[in-house]
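Q: Would you mind keeping the following structure in view while I ask a few things?
The values are calculated or read from the model by the stated rules, or taken from the named source; none is laboratory data. Computed from a predicted model, the values in this text were never measured in an experiment. Neighbour counts run over all protein chains shown; Cβ positions are idealised from the backbone, glycine included.
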Amino acid sequence: MRISTSWNNQLGVNAMLDQQAKLNDTQLKLSSGKKYLNPAENPVAATNLVDLQQNIKEHQQFQVNIGAARQRLSLEDSVLSNATDVLHKIRELTIQGLNDSNNATNRKQIALEIDQLNQHLVTLANTQNANGEYIFAGFKNAQPPFSNTEPYSYQGDANHRDIAIGPDNRKVTDGDPGEAVFGSIDPLAPPVAPGSNPDLNIFQAVAQLSSDLKANTPNKNSLTDLDNMLTRFDTTRASTGARLKALDNQESLNADYILANKSTASEIGDLDYADALSKFNLQNVALQAAQQSFAKVQNLSLFNYIN
């Protein structure tokens, strides 16, 4: 078969372009750190990488959710710790006021101190988080859940948020509505006798206690109301602590899962630099050889030997 000079030259050019393309491809992989520049190089690996990246992003979002839930629950626990301390102080003052050695003036002074502590309890119940949400208001968290004057009322609702923290619908409740923590309020209901309603709202119970002291008719059953409230605080804090522990456990599981997926994704999609550098050097040598061959072939003509 007869091969023309132009065709021979074209073959040489094609060989150089092919080597140049391979070299450029390897150079791009070295600069990007990726084993595959496009899915067509390895469709199965590309599909696996997409799945792995999706799993990683999903679990990273779970970690974000855990952080938000932990912040909210930690704040609730701190508030309840402070409220417990306040309630213990009110209980001490109540015991003092029940002592028969007190006269009407003493009891009125004790009642005024209890009023201040009760106001502090309302302030704690109206605590806001860093986002400005009232943490005991349920879904109506843009406004204070409790009125700060008598007759006390609750403007929140009984809803709570369940936040996804892991796969398989793993969720944690990130807070508690105010009435579940501080007791239900019916501002239209007549006052109840101290100690007769275990679900009585703490603000109403303390207000009644103060009123009795001011009237110099303290009722020892008020201690029962305070003890019921302390028990409710302890129960809520135990639940909050259990949820915080669940967040810690799930966070650890999520972190392990993310690490494992990143490791697998790295094995599939990350470039082996030692192998790539070796290939780059070989391809560079091949390109130089193609260039040198082309230069020599161009000189293979009879006209070069005719004087």
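Q: Within segment 69-79, does at least one residue satisfy the condition of being farther than 22 Å from Ala242 by Cα and of a type outside the set (D, E, K, R)?
A: Step one: filter segment 69-79 for residues farther than 22 Å from Ala242 by Cα, giving none.
Checked segment 69-79: no residue is farther than 22 Å from Ala242 by Cα and of a type outside the set (D, E, K, R).
Q: Pick from Leu98, Leu112: which is surrounded by fewer than 21 Cβ atoms within 10 Å (Cβ to Cβ) and over 23 Å from Pro151 (Cβ atoms)?
A: Working: Leu112 fails: over 23 Å from Pro151 (Cβ atoms).
Exactly one residue qualifies, and that residue is Leu98.
Q: Of everything in segment 168-186 that's assigned to a loop (DSSP other than H, G, I, E, B) and within 14 Å of the chain's Cα centre (by Cα), which residue is farthest from Leu87 (Cα to Cα)?
A: Quick first cut of segment 168-186, residues assigned to a loop (DSSP other than H, G, I, E, B) only: 168-169, 174-177, 183, 185-186.
Filter once more, keeping what is within 14 Å of the chain's Cα centre (by Cα): 174-175.
Working: Asp174: 24, Gly175: 21 Å.
Looking at the filtered set, the residue picked out is Asp174.
Q: Also, I was wondering about something else. Could you check segment 202-307 for helices (runs of 4 or more DSSP H) lying wholly inside it with 2 or more residues that are at pLDDT 95 or above and not charged (D, E, K, R)?
A: On the way: elements: 202-214, 222-269, 273-298.
Output list reads 202-214, 222-269.
Q: Going by what's in this entry, would Ala130 be described as assigned to a loop (DSSP other than H, G, I, E, B), at pLDDT below 95 and touching a Leu at 6+ places or on another chain (Cβ under 9 Å)? Before the answer, list the steps.
A: Working: assigned to a loop (DSSP other than H, G, I, E, B): yes; at pLDDT below 95: yes; touching a Leu at 6+ places or on another chain (Cβ under 9 Å): yes.
In short, yes.
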